[in-house]
Amino acid sequence: MTEWLAHSKGKNPPVPAQSYYKHISEVLRRAEKNIKNLASYYKGNYEYLFEAVRAAALFHDLGKLDDDNQKVLFIGGGKGLPINHVDAGTKNLVNNDLVESALIVYAHHIGLQSIPQERSKAELFLRDPNLETRTEQYLKDYLSKHIQSGCENINKHIDRASDWNGLTRRIALSCLVDADHGDTANNYGQEYPSTKVEAKWKERLKALDIYINGLGKDTEKSERNLLRRKIYDACKEADTTPSFYACDSPVGTGKTTAIMAHLLKTAITKNLRHIIVVLPYTNIIKQSVDIYRKSLILPGEKADEVVAEHHHQADFETLQTRQFSTLWKAPIIVTTAVQFFETIASNHPSKLRKLHELPGSGVFIDETHASIPNFLWPQTWKWLKEFSDKWSCHFVFASGSLPRFWELKDMMDLTVKLPELIPKEIRNEALKQETKRITPLRHNTLLDEKGLIDLIQSKTGPRLVIMNTVQSAAVLAESMRKSGHDVLHLSTALAPVHRELILELIKQRLHFGVQEWTLVSTSCVEAGVDFSFRSAFRERAGIANLIQTGGRVRRNNEDYIATLIDFKIQSPLYNRHPAFTLPSQILEKLFEENRVAADSPADLITDALRRELMSDTNEKHQRLIKMEDEMDYPEVANLYKVIASDTRLVVVDKELVKRLENHIKVSPKEINRKSVQLWLNKINMLSIGFVKGYENSGLYAWQYDYDPAFLGYMKGLLPLLERDHEGYQVF
């Protein structure tokens with residue numbers, strides 16, 4: 001058996017070269033395992049799925065057997081291969097009428113491509129035009145070497161009829177990419193060790209019951225506590241047969257644990273693989289993770305192996321950074337809406353690597369109103385329906401202001417009426433309590449900075465102010481502090497590890513009743529955090545933003561009159577967020593129609609969503625659906641942006657940067673917790689450099705001032721802004 005190479009020897013750390021046979025065999029084993037894990041959940045043609053991915057795994061690196069590629073692999077040194085090693089595999093698979101297999105081989109480095117564009121290449125469909133002649137000339141030689149190395153050939157009895165669509169192709173590619181990336185990282189000693197943790201859903205539900213029974217013993221008979229218990233019991237006992245549920249329980253009624261009880265019960269009855277909690281903002285992940293780790297971890301278990309937290313949109317492309325790719329392997333995953341939804345929509349290998357873990361999962365989309373821009377819901381709904389119907393997923397949409405997008409007949413192809421997780425009588429009781437708690441008010445005068453600060457200080461503390469941009473929040477916080485006011489600041493200008501410290505300080509101040517202080521923040525505290533302020537001020541945005549801000553005011557029905565004020569500001573250095581232009585106009589109309597104080601939150605949110613989609617002059621939601629139907633996968637990924645920005649990961653911890661530069665292995669958790677996201681155009685504008693040795697990885701090192709206790713990276717940017725009153729765009 002002749003030995004050819006798949007990977008050259010490594011220098012940092014030093015590792016021997018990997019044979020072609022060993023790599024193909026291991027990728028095949030891992031890919032088969034990934035597909036077999038889907039067997040009991042996939043309702044399509046499983047045999048075809050299995051054989052198609054298997055064929056792709058067998059031939060994904062066939063072109064590495066080219067003599068010119070082998071010369072480079074034997075020499076080593078990190079030099080790129082001279083011949084595109086993918087083309088031979090796609091040619092061989094197309095020759096055997098295995099087009100879906102060829103498609104995912106073609107995509108396993110460059111991502112899923114536009115099928116219309118590929119079809120326009122006629123005979124060169126899924127081919128590298130530069131290698132047409134060479135591949136034809138040497139294909140038999142490659143196949144001969146493939147067999148001589150000990151690898152298998154194609155199963156001649158594979159069914160060639162495909163029932164795949166875009167979602168199936170993404171999942172199939174995920175199975176292959178995870179196998180390929182995993183074995184490559186393992187070969188170079190860079191696969192971060194992981195341990196399979198048993199789901200133990202029954203035991204975790206019992207643990208959650210014990211946790212809930214231990215809460216609120218001193219206030220057992222309070223109106224709010226009794227309501228929370230009713231909601232918990234209702235969710236836990238709900239029928240697990242439906243694949244979708246709506247839950248519009250108001251803020252502070254215990255949705256975090258109640259819906260988890262329902263999903264644990266569902267996981268038991270449906271034998272689910274994972275429970276995934278999707279949250280709109282990174283800062284509220286920690287709070288939910290803390291609750292789940294307190295209530296669901298069993299004796300002897302490691303908390304972060306059972307409940308995994310996934311910050312940032314930090315998927316990595318290059319060999320040296322694949323070890324940081326956070327995968328959805330744990331029983332319970334708490335992740336961001338950016339990660340969850342953009343993974344589904346992606347065409348790129350590193351993003352899709354974890355997608356095959358989603359089938360057979362229960363998904364809790366918390367704070368649904370804030371999870372994605374409204375124009376994304378029509379296509380997203382189609383995907384989620386398919387995950388339910390074809391891949392055995394179970395979904396719960398939850399929010400104190402839940403938009404019922406699935407009922408908008410003019411906007412959705414597949415309208416339905418979802419069952420309610422909480423019975424009508426309990427929902428009515430909760431809504432009655434909510435209407436007595438807070439009523440939003442509109443400040444009609446356009447404010448400058450001094451006027452805003454005077455308005456804020458005129459109300460009783462503790463006070464919460466939410467601004468539309470990171471820049472505006474930092475400018476206001478700094479101005480208030482310079483004016484002698486007691487101010488805390490919280491935004492994504494701070495890395496997660498530092499946001500956690502500030503969140504803890506906020507909790508302490510609220511717990512001990514400190515009154516004369518103000519928290520200035522962005523929408524990252526608008527939803528999902530258990531804060532209760534006396535006064536709140538929300539820069540004009542959408543109705544959902546205003547309602548959710550109200551959820552941070554008099555949250556526990558405290559015995560005082562609370563304030564919630566909507567305001568507009570125009571002042572130097574305060575920049576506007578373009579995403580709020582249309583929602584703020586709709587909110588203005590709702591105020592003029594006297595509906596804000598009169599209608600239920602769900603009705604307001606759903607009507608605002610309808611108006612926004614009808615005002616979509618660019619018809620973005622229709623174009624997205626069209627591109628998915630036409631299989632233009634790069635354009636779908638380009639259109640589907642939860643946050644409309646091109647951001648990169650920037651490490652702000654100098655010690656961590658040093659460790660990375662010294663090639664010391666770093667866990668995914670640490671790199672996420674000690675980094676921030678910055679727009680690429682701002683990175684270029686500020687000339688922020690890469691971490692040394694990671695020039696092609698997309699991993700940057702912060703070089704300006706950084707304040708971990710107050711302003712975060714805005715500490716280094718405010719002096720620059722003050723020199724130029726035009727400021728930057730949105731931070």
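Derivation of every value follows stated rules applied to the coordinates shown; laboratory data play no part. The structure displayed is predicted, hence computed values, not measured ones. Methodologically, a virtual Cβ is constructed for each residue, glycine included, from the backbone with ideal geometry; neighbour enumeration extends over all protein chains shown.
Remarks
- Between segment 117-160 and segment 666-681, the alpha-carbon centres lie 40 Å apart.
- Environment charge of LEU73, counting only residues whose C-beta is closer than 15 Å and scoring Lys/Arg +1, Asp/Glu -1: +2
- Cβ charges +1 (Lys, Arg) and -1 (Asp, Glu), total dipole of segment 201-431, debye: 360 debye
- Sorted by Cβ density within 10 Å, fewest first, the residues VAL338, VAL197, VAL475: VAL197, VAL338, VAL475
- Volume of the Cα convex hull of segment 197-307, divided per residue and given in Å³: 116 Å³
- About the Cα centre, charge dipole magnitude for the chain (Lys/Arg +1, Asp/Glu -1 at Cβ), debye: 1480 debye
- Its DSSP H runs of at least 4 residues, each contributing -39,500 (n - 2.57), put the calculated 222 nm mean residue ellipticity of the chain at -13500 deg cm²/dmol, to the nearest 500.
- Relative to the dominant Cα principal axis of the chain, helix 201-213 is inclined by about 10°.
- Packing rank of 151-163, 498-510, 23-35, where each peptide gets the mean count of other beta carbons within 10 Å, highest leading: 23-35, 498-510, 151-163
- Fraction of beta bridges assigned by DSSP in the chain that are antiparallel (%, nearest 5): 20 percent
- Cut-off 13 Å between beta-carbons: net charge of the residues surrounding LYS626, Lys and Arg +1, Asp and Glu -1: -4
- Cα convex hull volume per residue for segment 7-81 (Å³): 102 Å³
- Set LYS450/LYS674; LYS482/LYS641; LYS145/LYS665; LYS255/LYS390; LYS9/LYS302; LYS43/LYS329 screened for pairs whose C-alpha atoms are more than 26 Å apart: LYS450/LYS674; LYS482/LYS641; LYS145/LYS665; LYS255/LYS390; LYS9/LYS302
- Taking every DSSP bridge with both residues inside segment 621-731, close to 70 percent are antiparallel.
- Sequence of CYS524, CYS247 once ranked by neighbouring C-beta atoms within 10 Å, starting from the fewest: CYS524, CYS247
- Taking every C-alpha pair closer than 8 Å and separated by at least 6 residues, the mean separation divided by the residue count of the chain gives a relative contact order of 14 percent.
- Rounded to the nearest 10 degrees, the angle from helix 46-59 to the longest Cα principal axis of the chain is 60 degrees.
- Cα-based helix-to-principal-axis angle, 20-36 vs the chain, degrees rounded to 10: 50 degrees
- Convex hull per residue volume in Å³, alpha carbons only, for segment 5-187: 115 Å³
- Average Cα contact separation per residue, segment 5-187, under 8 Å, 6 or more apart, as relative contact order %: 29 percent
- Compactness index (Cα Rg / 2.2 N^0.38 Å), segment 201-431: 1.00
- Annotation for segment 570-599 versus segment 249-266: alpha-carbon center distance of 31 Å.
- Distance violations [Cα-Cα > 21 Å] among LYS432/LYS459; LYS236/LYS270; LYS432/LYS507; LYS385/LYS626: LYS432/LYS459; LYS432/LYS507
- Summing charges over neighbours of ILE24, with a neighbour being any other residue whose Cβ is under 14 Å away from its Cβ, gives -1 when K and R count +1 and D and E count -1.
- Bridging of LYS121 to lysines at a Cα separation below 19 Å is possible for LYS91, once same-chain residues fewer than 8 apart are set aside.
- Zero-based 10 Å bins, Cα pair distances in the chain, whole percents: 3, 14, 23, 25, 19, 10, 5, 1, 0
- Put simply, the amide H of PHE537, placed in the peptide plane, has neighbours under 5 Å in LEU464, VAL465, ILE466, ILE565, leaving out anything fewer than 5 places away on its chain.
- Separation of alpha-carbon centers, segment 690-724 and segment 397-428, rounded to whole Å: 42 Å
- Neighbour counting of Cβ atoms within 10 Å sorts the residues LYS692, LYS64, LYS482, fewest neighbours leading, into LYS482, LYS692, LYS64.
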